[in-house]
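Accompanying notes for the structure given below.
The values are calculated or read from the model by the stated rules, or taken from the named source; none is laboratory data. The shown structure was predicted, so the numbers you read here are calculated from the model rather than taken from an experiment. Cβ placement follows ideal geometry from the backbone for every residue including glycine, while neighbour counts extend to all protein chains displayed. These area figures cover heavy atoms from the full protein model, side chains too; ligands, DNA and RNA do not enter into them. Shrake-Rupley method; radii C 1.70, N 1.55, O 1.52, S 1.80 Å.
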Amino acid sequence: MTAHAVNLRRLADLGIDIVEARSRRHFARHIHDEFGIGLIMTGAQRSASGRGQVEALAGDLISVNPGEVHDGMPVGGEARCWHMLYFAPPLITGALADMAEGSGLRPQEFAYPALRNAQAAPLFRKLYQAVAHAAPGSERLALDETLPLLLSYLLDRPLPVAAARDTSAVRAKTMIDDAPHAHLSLAELAREADMSRFQLVRAFARLTGLTPHAYLVQRRIQRVRQLIASGMPLADAALACGFSDQSHMTRCFVSCFGFSPGLYARQARQARHRHHAFPA
C-alpha cells in the first residue's frame with residue numbers, strides 16, 4: 001500500500017465532508033474551520049491539541065474544534081489509517097443546543113481530542129455509515145439521532161437529560177406505526193412527543209429498546225415481508241415501504257431475517273402455487 005493516500009467526499013447538502021486517510025506523514029500545525037470527529041482504524045497517532053499532546057490508538061476517537069491548532073504524526077513510524085467526518089459548525093452547535101435544552105448549559109466545544117470509549121466508537125461507526133450511505137435528499141433520521149448520542153461522549157461532562165415520561169415517546173412511536181413508509185424526521189417525531197430530539201432518542205430507546213430510526217426500519221421490513229408474501233415484486237415492495245431502493249431494502253431484510261427477500265419471495269410463490277393446486 002502507498003505511504004500516503006487520502007480520499008475526500010463532500011456532501012454539500014448535509015454540510016459534511018468524509019475523509020479516509022492512510023499516511024506516515026507528519027502534518028504540521030494547522031487549523032480547520034469545521035468540527036471534526038474521527039476514528040483511528042489502524043496504527044497510532046500522536047498530536048498536539050488545545051488540551052496538550054495526546055496519543056490515539058486503533059479504536060480511539062479523535063476530535064478537533066474549529067480554529068483549534070493541532071498537528072499529527074505516526075507513532076513508531078508506521079502508517080496510521082483513520083476515518084474522519086468534518087461538520088459545518090451550525091450542525092454541531094445546533095445539536096449541542098438541542099441536547100442542552102432546559103439545562104442552562106451551553107457547551108461550545110469538544111473536550112477530548114483523543115478518547116477511548118467502548119460505547120462511543122460503535123456510535124461513530126454507525127454515524128459514519130449513515131453519512132456515507134446518505135443519498136441527496138434522503139431522510140436524515142439515522143444521522144440526526146446518532147450525532148447527539150456521540151457528541152455526549154465528547155463533552156467535559158454528560159449533559160443532564162430532562163426527565164421525560166416514556167408515555168410521551170408513545171406518540172412518536174404511534175406516528176411511525178401509522179405510516180412506516182413516510183420519510184419522518186427526528187424533528188417531526190420530537191415535536192409530536194413534545195421533547196427535544198435528544199430527549200426523544202433516550203425516551204424512545206427506554207420504551208422500545210430501539211432508537212427511532214432502528215424501530216422505523218423494523219416496521220418497514222415487517223411490512224415488506226407482508227407485501228412480498230402477497231406477491232408484490234421486490235422493487236415495488238421496497239419503494240412502497242419507504243426504502244430508497246431495492247438494494248437498501250435487501251440489506252436490511254438480510255440483517256433482520258438472515259435470508260434474502262428473493263429467497264423469501266420464491267418460497268412464498270411456491271406456497272401460493274401449492275395452495276391453488278390443492279384448495280381446501
Please list, ordered by first then second residue, the pairs with beta carbon atoms under 6 Å, 6 or more apart or interchain, first in segment 44-55 and over 7 Å from Pro113 (Cβ atoms), second among the hydroxyl-bearing types (Ser, Thr, Tyr) and outside any strand (DSSP E or B).
none
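Among the listed residues Ala95, Ala118, Ala111, identify the single one that is assigned to a loop (DSSP other than H, G, I, E, B), open to solvent by less than 40 Å² (accessible area, probe 1.4 Å) and not acidic (Asp, Glu). Full working, then the answer.
On the way: Ala95 fails: assigned to a loop (DSSP other than H, G, I, E, B); Ala118 fails: open to solvent by less than 40 Å² (accessible area, probe 1.4 Å).
It is Ala111.
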Quick count over segment 26-73, residues being more than 25 Å from Pro90 (Cα to Cα), in a strand (DSSP E or B) and not aliphatic (A, V, I, L, M), is 8
Please give the helices (runs of 4 or more DSSP H) falling wholly within segment 164-220 in which 2 or more residues are basic (Lys, Arg).
166-178, 197-208
Answer yes or no as to whether Leu263 is modelled with pLDDT under 90 and farther than 30 Å from Asp98 by Cα.
yes
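Is it the case that Leu154 is part of a loop (DSSP other than H, G, I, E, B), open to solvent by less than 50 Å² (accessible area, probe 1.4 Å), at pLDDT 90 or above and not β-branched (Val, Ile, Thr)?
Numbers: part of a loop (DSSP other than H, G, I, E, B): yes; open to solvent by less than 50 Å² (accessible area, probe 1.4 Å): yes; at pLDDT 90 or above: yes; not β-branched (Val, Ile, Thr): yes.
In short, yes.
Matching residues to (1) exposed (fewer than 14 other Cβ atoms within 10 Å of the Cβ); (2) in contact with a Gly (Cβ under 9 Å, 6 or more places away or on another chain); (3) not charged (D, E, K, R):
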{"residue": "Arg29", "(1), (2), (3)": "yes, no, no"}
{"residue": "Ser49", "(1), (2), (3)": "no, no, yes"}
{"residue": "Val54", "(1), (2), (3)": "no, no, yes"}
{"residue": "Gly76", "(1), (2), (3)": "yes, yes, yes"}
If the requirement is being open to solvent by less than 50 Å² (accessible area, probe 1.4 Å), among the polar types (S, T, N, Q) and over 19 Å from Asp178 (Cβ atoms), which of these qualifies: Ser230, Ser260?
Ser260
